[in-house]
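Have a look at the structure below, then the notes.
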Amino acid sequence: MKLVVGLGNIGKEYENTRHNTGFMVLDHIAQQEGLNFSGPRQEAMLTKWFYRQEKIILAKPTTYMNESGRSVAALLNYYKLEPADLLIIHDDMDLPTGQLRLRQKGSAGGHNGIKSIIAAVGGQKFKRLRIGIDHPEHQTVVDWVLSSFSKKQQPEIAVGLDQAIAAVKFWLQTDDFAKAMNEFNHKEK
């Protein structure tokens, strides 16, 4: 069993914002696979996805971004999983829109949701799939991450979401995250 958590903020006003890129990936998987989220339980909207005979829990924390760790820790505890079984999908301003970067561990890099998870699970050793949202040119960081993708960025993020889903499935098929990193990091969109 594995836990795949997409980060974002709950509420209609945040639905298509850059900070909700993690939610968008899980919503696309759910749509493709005919899954429905329910809850909240353990402060997350959840669905179970059986992929190649393995149970995968897809979770969207309802705690808002900066408190994501509370939900992630509760989910790991409830399902008796280790951080090694965890994949966090989130936005990254240091990558061009739609570009992916998979990492096996590391610091928060200024991302408050990841900071919260590191504190809650007691370490940095969990997998991440970062999706680029680009850096603001004329806005504050808060205004940027809480705004929607521009018309120009729409095709870029669409490709990024498709690639993110492909990366998740590749990891689940191979059960080899290093191989997934080699396949999807630095890959042209």
query: Name the residues in the stretch 13-37 that are modelled with pLDDT under 95 and open to solvent by 50 Å² or more (accessible area, probe 1.4 Å), would you?
result: GLU13, TYR14, GLU15, ASN16
- prompt: Among the residues of the stretch 145-167 satisfying the criterion of being of a type outside the set (A, V, I, L, M, F, W, C) and outside any loop (DSSP other than H, G, I, E, B), which is least open to solvent (accessible area, probe 1.4 Å)?
  reply: GLY160
task: Test LEU81 against the criterion of being open to solvent by less than 70 Å² (accessible area, probe 1.4 Å), over 23 Å from PHE184 (Cα atoms), in a loop (DSSP other than H, G, I, E, B) and aliphatic (A, V, I, L, M), and give yes or no.
output: yes
- line: The one condition THR97 fails out of (1) within 18 Å of ALA30 (Cα to Cα); (2) touching a Gly at 6+ places or on another chain (Cβ under 7 Å); (3) not acidic (Asp, Glu) is (1)
field: Single match in ASN9, ASN66 (criterion: in contact (Cβ under 8 Å) with a residue 24 or more places away in the chain, within 23 Å of GLU156 (Cα to Cα) and either under 15 Å from the mean Cα position of the chain (by Cα) or in a strand (DSSP E or B) (or both))
entry: ASN9
message: Tally up the residues in the stretch 102-135 that are open to solvent by less than 30 Å² (accessible area, probe 1.4 Å), within 16 Å of THR21 (Cα to Cα) and not in a strand (DSSP E or B), please.
response: 4
- line: The condition of being more than 15 Å from LEU26 (Cβ to Cβ) and touching a strand residue (DSSP E or B) at 6+ places or on another chain (Cβ under 9 Å) holds, among VAL145, VAL168, only for VAL145
- request: Determine, yes or no, whether PHE170 is open to solvent by less than 80 Å² (accessible area, probe 1.4 Å), in contact with a Leu (Cβ under 8 Å, 6 or more places away or on another chain), aromatic (Phe, Trp, Tyr) and farther than 15 Å from HIS19 by Cβ.
  value: no
- prompt: Restricting attention to the stretch 27-41, and to residues there that are in contact with a Ser or Thr (Cβ under 9 Å, 6 or more places away or on another chain) and small (Gly, Ala, Ser), which single residue is farthest from VAL168 (Cα to Cα)?
  reply: GLY39
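The values are calculated or read from the model by the stated rules, or taken from the named source; none is laboratory data. In this text, all values refer to a predicted model and were calculated from it rather than measured experimentally. Don't worry about glycine lacking a Cβ; one is built from the backbone with ideal geometry, like all the others, and counts go over all protein chains shown. Only protein heavy atoms, including side chains, enter the accessible area calculation; ligands, DNA and RNA are left aside. Shrake-Rupley method; radii C 1.70, N 1.55, O 1.52, S 1.80 Å.
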